[in-house]
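Trainee: Shown below is the structure under consideration.
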Amino acid sequence: MELGLKGKVALVSAGSKGLGFGVARALAADGARVSICSRGSANVDAAVQKLIAETGAEVIGTACDVTQAEAIQGWVDQTATRWGAIDALLVNAGGPPGGLALDMTDAQWQAAFELTLLSSVRMIRATVPHMTNGGSILTITSSSIREPIERLGLSTVMRSGVAGLVKTLADELAGKSIRVNNLIPGRIETERVAQLDQAAATRSGKSVEEVRAQSIAKIPLGRLGTIDDFGAAGAFLLSPAAAYITGATLRVDGGMMRSI
Ligand SMILES: NC(=O)c1ccc[n+]([C@@H]2O[C@H](COP(=O)([O-])OP(=O)(O)OC[C@H]3O[C@@H](n4cnc5c(N)ncnc54)[C@H](OP(=O)(O)O)[C@@H]3O)[C@@H](O)[C@H]2O)c1
């Protein structure tokens, strides 16, 4: 299927690794011009080189911590200055720390709010004025917005807020022909998932292999997802091919989630 991304301008935050990188690669492979950001300039530079080498697309990158309002504005404006109107935005960031909800301090709650929810508001607010031809916005949340995950209370609460933001903005931005959707990754193989498996192994006294095998046993398709599985779904929702889809949440989880 033709996605219609050729020449489109896409912003991908937290795009130097993992899920963000997977979406950036799928967009670039389909001919979009892609501007990524993440905190570490070495990570950004390496990812830009890799994306250009693998896809031949126009790709640029900026070091930007999405908890910083001015850094977000700089990244978005810089991209618009270079390429003009923006067509697509992937809203992504690192995940908040794990632990029991009531063990988290006020400072940890505030940091999770800024990392997950406020950063989403800020990225969308900075980008919408540049979506002068309409556009598509996609957030990444977690299965925790449907089925809370043990010891990930900060993620569950803040990501549920992002899901509410998506439905709210799908209404508020429809008049500007801007679609807003959400992707739920189940367990996609990235550094973050490797760290979570390591932490679970340390807590339970099991090996990482045992922890991994237990999580795979809960996935009907019998494997973890790849960043390419995830990227394909992301590129579709960000593309003109998804023109009549807004306010939707799509699971990319190999059937893992049990809720109907
Ligand atoms: N993988 C999964 O199956 C899964 C499932 C559910 C939810 N999620 C969530 O999806 C998001 C991405 O996960 P992932 O697995 O791709 O993680 P990852 O492999 O750890 O990659 C995280 C990426 O985010 C960047 N980043 C982190 N904090 C940032 C910040 N404050 N500002 C800008 N960039 C930042 C990192 O680069 P720098 O270090 O250079 O900043 C890196 O490029 C996370 O929020 C994660 O919790 C993932």
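Trainee: Can you report the number of residues in segment 152-182 which are within 15 Å of the ligand (Cβ to nearest atom) and among the basic types (Lys, Arg)?
Mentor: Residues meeting the conditions: 1.
Trainee: I need a count of the residues in segment 195-219 that are within 16 Å of the ligand (Cβ to nearest atom), touching a helix residue (DSSP H, G or I) at 6+ places or on another chain (Cβ under 8 Å) and of a type in the set (Gly, Ala, Ser).
Mentor: Qualifying residue count, segment 195-219: 2.
Trainee: Here is a list of conditions, (1) near the ligand (Cβ under 10 Å from one of its atoms); (2) in contact with a strand residue (DSSP E or B) (Cβ under 9 Å, 6 or more places away or on another chain), and GLY134 meets all of them except one; can you say which number that is?
Mentor: Checking GLY134 against (1) near the ligand (Cβ under 10 Å from one of its atoms); (2) in contact with a strand residue (DSSP E or B) (Cβ under 9 Å, 6 or more places away or on another chain), the one that fails is (1).
Trainee: Which of the residues that make up segment 151-195 are in the same structural domain as ALA93 (by TED's automatic domain parsing) and without any contact (Cβ under 8 Å) to a residue 12 or more places away in the chain?
Mentor: GLY164, THR168, GLU172, GLY175
Trainee: When you look at ARG251, is it under 28 Å from LEU118 (Cα atoms), modelled with pLDDT under 95 and in contact with a Gly (Cβ under 8 Å, 6 or more places away or on another chain), yes or no?
Mentor: No; evaluated as a whole, the condition is false for this residue.
Trainee: Between a residue in segment 17-29 that is free of Cβ contacts under 8 Å to residues at least 40 places away in the same chain and any residue that is of a type in the set (Gly, Ala, Ser), which pairs come within a Cβ distance under 7 Å, given they are 6 or more apart or on different chains?
Mentor: ALA28/ALA57
Trainee: Let me ask another. In segment 117-152, what residues are of a type in the set (S, T, N, Q) and within 14 Å of the chain's Cα centre (by Cα)?
Mentor: Result: SER119, SER120, SER136, THR139, THR141, SER142, SER143.
The values are calculated or read from the model by the stated rules, or taken from the named source; none is laboratory data. Note that the structure is predicted; figures quoted are calculated from it, not measured. A quick note on method: Cβ atoms are made from the backbone with ideal geometry, for glycine too, and the neighbour counts reach across all protein chains shown.
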